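Taking it in order: structure first as structure tokens, then the write-up.
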Amino acid sequence: MNDKRPRDSIEDKYFREYFEKIPTPSYIWRKQGNDLILINYNIEADEIVNNQMEKFLGIKASELYKDNPGILKDLNHCLEGKFIPPKEIDYHYQSINLSKRLMCSYIYIPPDVIFVHTDIIHREEEWKTAEQKLKESEERYRNLFENSPYIIALLDIEGKIMEVNSIIKELTGYDKTLFIGKNYLELHLYNESLVPNLKKRLKLLKKGEQIEPIEVLVEAKEGKKIWLLSHMSKISLSDEEFILVVVLDITEKKNAEIKLKESELKYREAYNRAEFYKDLFAHDINNILQNIRSANELRQILRNDINKEERLAEVNEIINTQVMRGANLVSNIRKSSLLEEFSKKIKPIQFNLLLESAITFIEKMFQERDIRIRVHPFNANLVVFGNEFILDVFENILINAVKYNQSPIIRIDIDIKKIINKEGNFVQFQFMDNGIGIKDQRKEQIFQRGEDKFNIEGGMGLGLSLVKKILESYKGIIWVENRIEGDYTQGSNFKIMIPEAIETD
Amino acid sequence: MKLTKILIVEDDFSLQRLYELMLTNYGFEVVGKANNGEEALTMYKEFHEKPEIILMDHRMPIKNGIDTTEEIIKLNHTSIIIFASADKSIKEKAIAVGASKFLSKPFSYEDLIEEINACLNSK
């Protein structure tokens with residue numbers, strides 16, 4: 001280092017040595033004319049201004065302290081031989097843009113030198129303040145830790161809980177002492193199936209990778225279910241690695257989300273149902289109109305037909321049937337839109353007359369087919385919980401049994417009996433047909449028409465999806481089996497179970 | 001005189017009957033009535049003398065009109081298939097798979113006869 005300080009200005013080498021070793025910033029000024037110029041400084045003085053002191057050598061006191069007239073005055077008084085007691089001053093080091101509180105002492109060395117010794121008095125105070133601040137900070141963080149609305153836990157790198165705040169008791173019902181010392185993978189508060197994923201996450205954390213927060217359903221004390229969102233991150237404290245866990249209670253948000261999803265699903269279903277009915281109605285009404293239009297035109301055309309009377313009677317019958325069919329369609333569409341409302345009006349129903357009515361309707365609807373429906377004898381006193389929609393259930397199943405049937409003689413066997421199982425008392429209906437049957441892979445799909453996909457294959461009626469919905473509103477069920485086990489081509493057996501209404505006196 | 005042979009494919013039984021009455025009254029011969037596409041295909045394959053015209057519904061159980069048309073066209077690409085459906089949205093598809101005409105229900109007796117004759121004349 002090229003030190004330009006005028007060493008020879010300090011005659012006494014001992015003083016010079018002492019001067020250099022003073023552990024606080026010190027300066028030497030010499031009178032020059034009516035001013036003082038800086039002729040030396042020590043290592044400490046240089047360090048405090050980031051080793052920029054050299055550029056101040058030779059500077060006039062009047063220039064350096066132009067904004068500090070107090071110092072100038074003291075220097076001048078000192079030069080006059082006056083005793084200047086040590087003074088606390090606030091001094092701004094412009095070269096480093098830093099203010100310090102200094103204890104400043106002036107020593108006059110005749111004839112023309114002033115030794116200025118400064119002591120940064122706030123150093124010690126700073127330490128004291130820092131210590132105090134640290135204490136306060138620790139206290140604040142402790143308060144923050146304990147009063148946090150979130151669970152905060154410190155885990156060792158293997159997942160053992162070292163520390164956790166008290167909020168854990170509020171959320172889970174268990175005291176924090178039950179958690180400390182345990183591995184979070186072995187808490188048994190959440191579904192065991194989550195453990196492999198949690199282990200994987202811990203492994204990633206250990207590797208230093210960041211992991212996404214995870215939502216966990218936790219079973220708190222007394223079976224209370226709470227949803228928690230867990231954030232985990234690896235931290236280092238005094239060169240040791242830990243895992244910081246912050247857990248938020250998101251039960252309210254999660255429940256709202258679940259409700260929203262249910263509501264969305266409900267609206268989607270309602271929309272699909274509306275679309276399904278709209279399309280079904282448009283299709284069926286056009287078929288009815290086609291029947292009526294063609295029948296009406298035929299009435300004109302057949303005027304000269306030799307079998308005029310017979311044909312006209314047939315055509316007239318078609319018109320009447322179509323009018324009835326149209327009325328039924330409108331009524332069914334209306335009923336289906338009211339299904340939810342009607343599902344609240346479940347009452348004991350004697351179904352025998354409704355079944356008879358459905359059979360008559362089918363026979364009339366498919367006059368050209370040879371339909372043989374046989375109802376096996378059953379206890380006529382059986383009563384089920386239902387409503388007027390039970391007629392639609394019977395009609396729809398019978399319509400399908402006829403429509404999906406290529407046999408010259410359509411046979412439908414209806415068997416009704418009481419079933420008692422652990423779920424309760426039921427009346428079971430079996431509709432066994434000799435139709436084309438249903439392949440195993442389609443046995444569930446046929447009840448989902450208009451529900452998850454918009455698909456109408458043909459024919460009239462509101463379909464098996466509506467039948468299923470009606471039965472569900474009775475807490476009943478429907479499923480389909482092969483009429484002959486293992487061979488779907490021999491026809492289907494639609495089975496229905498509806499809760500029995502046991503009449504009490 | 002040899003009558004034009006027509007196959008009716010329709011799952012609505014009363015419509016089947018009405019078409020039959022209209023067509024026979026005009027002078028065509030209804031050679032078969034199928035309740036669905038599968039039945040229609042079976043019948044078609046079994047005909048020694050294939051029908052000149054097939055009147056085809058779309059929404060039917062087992063096999064719909066589009067799929068049936070596709071298969072019949074594969075068997076005989078000169079088949080004349082007239083779609084008669086309440087579902088207007090499938091018109092383009094029906095024509096694309098080989099249907100010659102598309103009648104949108106409810107159509108008139110006159111429309112039906114006109115379309116059949118137009119198809120026969122353009123053969």
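The values are calculated or read from the model by the stated rules, or taken from the named source; none is laboratory data. The structure displayed is predicted, hence computed values, not measured ones. For neighbour counting, all protein chains shown are included, and Cβ atoms are generated from backbone atoms with ideal geometry for every residue, glycine included. Only protein heavy atoms, including side chains, enter the accessible area calculation; ligands, DNA and RNA are left aside. Shrake-Rupley method; radii C 1.70, N 1.55, O 1.52, S 1.80 Å.
None of A:Tyr108, A:Tyr91 is among the hydroxyl-bearing types (Ser, Thr, Tyr), touching a Cys at 6+ places or on another chain (Cβ under 9 Å) and open to solvent by less than 40 Å² (accessible area, probe 1.4 Å) except A:Tyr91. Considering only residues that are surrounded by 16 or more Cβ atoms within 10 Å (Cβ to Cβ), in contact with a helix residue (DSSP H, G or I) (Cβ under 9 Å, 6 or more places away or on another chain) and more than 25 Å from A:Asn286 (Cα to Cα), which ones fall in the stretch B:29-49? Passing the criteria: B:Val31, B:Leu41, B:Tyr44. Just to be sure before I move on: is A:Leu280 at pLDDT below 80, more than 32 Å from the chain's Cα centre (by Cα) and either within 13 Å of another protein chain (Cβ to nearest Cβ) or within 15 Å of A:Arg325 (Cβ to Cβ) (or both) in the structure I sent? When the stated conditions are applied, A:Leu280 passes them.
Listed by position, the strands (runs of 3 or more DSSP E) inside the stretch B:25-123 whose residues that are of a type in the set (A, V, I, L, M, F, W, C) and under 30 Å from A:Gly435 (Cβ atoms) number at least 2 are B:29-34, B:53-56, B:80-85. Among residues of the stretch A:274-287 that are open to solvent by 40 Å² or more (accessible area, probe 1.4 Å), those with a Cβ under 7 angstrom from a residue that is assigned to a helix (DSSP H, G or I), sequence gap 6+ or separate chain, pair up as A:Phe281/A:Leu329; A:Phe281/A:Ile333; A:Ile285/A:Gly326; A:Ile285/A:Leu329.
So which pairs qualify, if the first residue must be in the stretch A:288-315 and within 21 Å of B:Asp111 (Cβ to Cβ), the second must be of a type outside the set (Lys, Arg) and open to solvent by 50 Å² or more (accessible area, probe 1.4 Å), the Cβ gap must be under 6 Å, and the two must be at least 6 apart or on different chains? Listed pairs, sorted by first residue: A:Ile301/B:Asn25. Of the residues screened, B:Lys50 is not one that is within 14 Å of chain A (Cβ to nearest Cβ) and at negative phi.
Among the residues of the stretch A:217-229, are any among the acidic types (Asp, Glu), at negative phi and within 14 Å of another protein chain (Cβ to nearest Cβ)? No: zero hits.
Inside the stretch A:150-176, can you point out the residues that are under 24 Å from A:Thr251 (Cα atoms) and open to solvent by 90 Å² or more (accessible area, probe 1.4 Å)? The answer is A:Tyr150, A:Lys169, A:Glu170. When restricted to residues that are open to solvent by less than 80 Å² (accessible area, probe 1.4 Å) and among the polar types (S, T, N, Q), the stretch A:297-342 contains 8. Quickly run through the stretch A:307-339 and pick out the residues that are in a loop (DSSP other than H, G, I, E, B) and within 11 Å of chain B (Cβ to nearest Cβ). Matches in the stretch A:307-339: A:Asn307 only. Within the stretch B:31-42, the residues that satisfy the criterion of being more than 8 Å from chain A (Cβ to nearest Cβ) and within 13 Å of the chain's Cα centre (by Cα) are B:Val31, B:Gly32, B:Lys33, B:Ala34, B:Gly37, B:Ala40, B:Leu41.
Whether any residue in the stretch A:453-468 is at pLDDT 85 or above, open to solvent by less than 30 Å² (accessible area, probe 1.4 Å) and part of a helix (DSSP H, G or I) is what I want to check. Yes, that holds for at least one residue.
Residues in the stretch A:340-357 include none that are more than 30 Å from B:Leu103 (Cα to Cα), under 43 Å from the mean Cα position of the chain (by Cα), small (Gly, Ala, Ser) and assigned to a helix (DSSP H, G or I).
Filter the stretch B:98-117 down to residues that are surrounded by fewer than 19 Cβ atoms within 10 Å (Cβ to Cβ) and among the aliphatic types (A, V, I, L, M), then give me how many there are. Going through the stretch B:98-117 one residue at a time, the tally reaches 1. Being surrounded by 18 or more Cβ atoms within 10 Å (Cβ to Cβ) and either in contact (Cβ under 8 Å) with a residue 40 or more places away in the chain or of a type in the set (A, V, I, L, M) (or both) is not true of A:Leu57. In the condition set (1) open to solvent by 30 Å² or more (accessible area, probe 1.4 Å); (2) modelled with pLDDT of 90 or more; (3) on the phi < 0 side of the Ramachandran plot, A:Asp440 is compliant with all but (2). Selection of the stretch A:385-415 for residues being open to solvent by 10 Å² or more (accessible area, probe 1.4 Å) and not in a helix (DSSP H, G or I) yields A:Phe385, A:Glu388, A:Tyr404, A:Gln406, A:Ser407, A:Pro408, A:Ile409, A:Arg411, A:Asp413, A:Asp415. Taking every residue in the stretch B:17-30 that is facing chain A (nearest Cβ under 8 Å) and within 19 Å of A:Glu368 (Cα to Cα) and pairing it with any residue that is hydroxyl-bearing (Ser, Thr, Tyr) and part of a helix (DSSP H, G or I), at least 6 positions away or on another chain, the pairs with Cβ-Cβ distances below 6 Å are B:Leu18/A:Ser294; B:Met22/B:Tyr109. Count of the stretch A:469-505 residues, restricted to those that are assigned to a helix (DSSP H, G or I) and either open to solvent by less than 20 Å² (accessible area, probe 1.4 Å) or in contact with a Phe, Trp or Tyr (Cβ under 8 Å, 6 or more places away or on another chain) (or both), is 3. Within the stretch B:13-23, restricting attention to residues that are open to solvent by 10 Å² or more (accessible area, probe 1.4 Å) and over 14 Å from A:Glu297 (Cα atoms), the residue that is modelled with the highest pLDDT is B:Ser14.
Of all residues in the stretch A:223-252, those that are closer than 19 Å to A:Glu186 by Cα and part of a helix (DSSP H, G or I) total 1.
Comparison of B:Lys123, B:Lys74, B:Lys91 shows that the only residue that is free of Cβ contacts under 8 Å to residues at least 12 places away in the same chain and more than 12 Å from chain A (Cβ to nearest Cβ) is B:Lys74. So how many residues does the stretch A:364-384 have that are open to solvent by 40 Å² or more (accessible area, probe 1.4 Å), out of contact with any helix residue (DSSP H, G or I) (no Cβ under 9 Å at 6 or more places or on another chain) and at pLDDT 90 or above? Here the count works out to 4.
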